[in-house]
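Below is one structure; the comments refer to it alone.
Where a number appears in this text, it was derived from the coordinates with a stated rule and is not lab data. Bear in mind the structure is a predicted one, so any value in this text is a computation, not a measurement. Don't worry about glycine lacking a Cβ; one is built from the backbone with ideal geometry, like all the others, and counts go over all protein chains shown.
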Ligand code: C2E
Ligand code: MG
Ligand code: MG
Ligand code: MG
């Protein structure tokens, strides 16, 4: 009716004015400035053993604490950081903050970090990782590098060399978002991955979709036959947690256990969970 139409038009006008008032631009210069001002903070989401309930590790997920616009998610800044060549700086910040944190925690938890495809191009990443492993006295075996399937597509041989090198140094490699990218089974069998991460698009739908369950079940079988561990992301309720456990998935993470949290909240959460 007329009244509700008018109201929504008014609301829309208000909203666009408000948005224009604090226009939020993300480009090379704003990201560079934010890097200098230390506005990037690594958050942590716990990873749980679905059989025992034990915490096995934390995934680092980057957040931008923007002084005016609040907390920004990676979708807002990671693609631009990749395009503008700032992603390596952001990766180094994740490594430095993450290693510092797991050292402070004084536990044996592993740390998973998301690595952009752009960083698998030369020796830089392995040098940075080695540097911080020494600085914080972290064994590479505790560090899991999460890569998406597209990482190895542009220059497969170069990527394979770098991944083999990282693996030889002891770092663990995980395929993130498995099932959503483009990958050949041959590549999967050749590359030195130790973990396969089931994408949340299958996990959040498994409750209502027999097809998602079938995809998950065959992914777990595939990983098992290749000697890889499986971890599910996007576990939002106990039905998913129990279902995945019954399908033989080893590990999981998701809002059901905990959202990504800052350092202080993570410490509190680990205490209340009774982490080792
Ligand atoms: P990802 O590595 O696949 O991470 C999973 C995403 O799912 C995260 O989004 C996480 O907050 C979200 N999530 C966790 N539990 C649940 C759940 O139960 N339900 C649902 N619906 N979602 C859940 P986030 O933090 O926004 O990160 C998005 C993506 O940005 C990540 O996907 C990763 O690809 C990328 N990213 C995050 N941090 C970094 C970083 O430091 N470096 C790089 N290169 N990429 C990063
Ligand atoms: Mg990830
Ligand atoms: Mg993922
Ligand atoms: Mg994802």
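Summary of values
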| read-out | value |
| --- | --- |
| Relative contact order computed over the stretch 215-276 (Cα-Cα under 8 Å; 6+ residues apart), in percent | 30 percent |
| Convex hull (Cα only) mean projected area of the stretch 154-214, reported in nm² to one decimal | 4.8 nm² |
| Theoretical ellipticity at 222 nm over the chain - DSSP helices of four or more residues, -39500 (n - 2.57) apiece, nearest 500 | -15000 deg cm²/dmol |
| Three-way shape call for the stretch 115-157 based on the alpha-carbon gyration tensor, with the a/c threshold at 1.5 | prolate |
| The chain - share of DSSP beta bridges that are antiparallel (%, nearest 5) | 40 percent |
| Sequence of 148, 168 once ranked by neighbouring C-beta atoms within 10 Å, starting from the fewest | 168, 148 |
| Point-to-point label distance, residue 96-residue 168, nm (Cα→Cβ direction, 7 Å offset) | 2.9 nm |
| Rounded, prolate or oblate (a/c below 1.5 giving rounded, otherwise prolate when a/b exceeds b/c) for the stretch 117-273 by Cα gyration tensor | oblate |
| The stretch 141-276: relative contact order in percent, alpha carbon pairs under 8 Å with at least 6 residues between | 18 percent |
| Footprinting exposure proxy for 30, 204, 150 (fewest neighbouring C-beta atoms within 10 Å first) | 150, 30, 204 |
| The stretch 55-136: proportion of alpha-carbon pairs further apart than 18 angstrom, % | 47 percent |
| Global geometry of the stretch 203-263, whether rounded, prolate or oblate, following the gyration tensor of its Cα atoms and the 1.5 cut on a/c | oblate |
| Contour excess over end-to-end distance, with Cα ends at residue 209 and residue 137 and 0.36 nm allotted per residue | 21.4 nm |
| Relative contact order of the chain, pairs being alpha-carbon contacts under 8 Å that are 6 or more residues apart, as % | 18 percent |
| Rg/Rg_globular for the stretch 22-79, with Rg_globular taken as 2.2 N^0.38 Å and Rg from C-alpha atoms | 1.48 |
| Likely footprinting exposure, 219, 205, fewest C-beta neighbours within 10 Å first | 205, 219 |
| Relative counts (whole %) of C-alpha pair distances in the chain, using bins that are 10 Å wide | 6, 26, 32, 23, 9, 3, 1 |
